[in-house]
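Enquirer: Got a structure for you, written out below as structure tokens; questions coming shortly.
Each value in this text was obtained by applying a stated rule to the coordinates, not by laboratory testing. Keep in mind that what you see is a predicted model, and the values were worked out from it rather than measured. A quick note on method: Cβ atoms are made from the backbone with ideal geometry, for glycine too, and the neighbour counts reach across all protein chains shown.
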Amino acid sequence: MDHKVYLSLGSNVGNRENYLINAIDNISKIDNVSLDNISSIYETDPVGYTAQDRFLNMAASINTSLDAEALLAELQRIERLMKRKREIRWGPRTIDIDMLLYDDLTFETPKLTIPHPRMFERAFVLVPLKEICSERELFGIIIDDAIKKCSDRDGIRLYKKITICDFHRI
């Protein structure tokens, strides 16, 4: 497995925790992907479109030999499998899986921008990421400083402490 990738996951429809766990399980079953670590689960207030239920969010790290676009296709396949609907921008969803980081690369294609273009503006992404990322600085930005600047930093609460070992027992 050649590449270290960090993902952000979120759900605010139905059994939110179950959707997150099922997404992690499906990700771990992708050929040429190995699950490295997962964060705890956080409950967060919606950002952008606010007339919706709270989200559960978490982060995961994986190792893969897939290139970024092939991995993106697999993640979108999982979203479709889990009945993700894209009706309202930033609206309700069974599952959302975003690729945040792919190694330490920076690139943009018509389908994908790495690092994720809004990750440093969102505490619901950075707090779980910080839990599993050994780096304290990414692309010249100190994660704690970025969290302090996030407008949603007060809307994130620990929902459930979970580890990779817990996941393997589920």
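Enquirer: Is the range 3-169 rounded, prolate or oblate when judged by the Cα gyration tensor, a ≥ b ≥ c being the square roots of its eigenvalues, rounded requiring a/c under 1.5 and prolate requiring a/b larger than b/c?
Expert: In terms of gyration-tensor shape, rounded.
Enquirer: Right, something else. Taking GluC sites (Glu not before Pro) that fall in a DSSP loop and have at most 13 other Cβ atoms within 10 Å as cut points, what is the longest piece of the chain between them?
Expert: Working: sites that count: E87, E135.
Free of exposed loop sites, the longest segment is 1-86.
Enquirer: Within the set of other residues whose C-beta is less than 12 Å from the C-beta of I142, count the net charge using Lys and Arg as +1 and Asp and Glu as -1.
Expert: With Lys, Arg at +1 and Asp, Glu at -1, the neighbours total 0.
Enquirer: Have a look at F120, V5, I78 and report the one farthest towards the positive end of the charge dipole of the range 3-169, computed about the Cα centre with Cβ charges (Lys/Arg +1, Asp/Glu -1).
Expert: Most positive-ward Cα: I78.
Enquirer: For V33, what is the net charge nearby, where nearby means another residue's Cβ is under 14 Å from its Cβ and Lys, Arg count +1, Asp, Glu -1?
Expert: Numbers: positive: K4, K29, R77; negative: D2, D25, D31, D36, D67, E74.
Charge balance in the 14 Å sphere: -3.
Enquirer: Right, something else. Please state the charge dipole magnitude for the chain, taken about the Cα centre, from unit charges on C-beta atoms (+1 on K and R, -1 on D and E), reported in debye and rounded to the nearest 20.
Expert: 680
Enquirer: Using just the helices of the chain, give the 222 nm mean residue ellipticity in deg cm²/dmol: DSSP H runs with n ≥ 4 each add -39,500 (n - 2.57), and the total is spread over all residues, rounded to 500.
Expert: Values: 5 runs with 50 residues, N = 170.
Value at 222 nm, helices only: -8500 deg cm²/dmol.
Enquirer: Out of all DSSP beta bridges with both ends in the chain, state the antiparallel percent to the nearest 5.
Expert: Of the beta bridges lying entirely in the chain, close to 100 percent run antiparallel.
Enquirer: Beyond a 29 Å Cα-Cα separation, which of these cross-linked pairs lie in this structure: K29/K161; K111/K160; K4/K149; K29/K149; K4/K83? Show your work: numbers first, answer last.
Expert: Working: K29/K161 23 Å; K111/K160 33 Å; K4/K149 27 Å; K29/K149 36 Å; K4/K83 27 Å.
K111/K160; K29/K149, as the Cα separations exceed 29 Å there.
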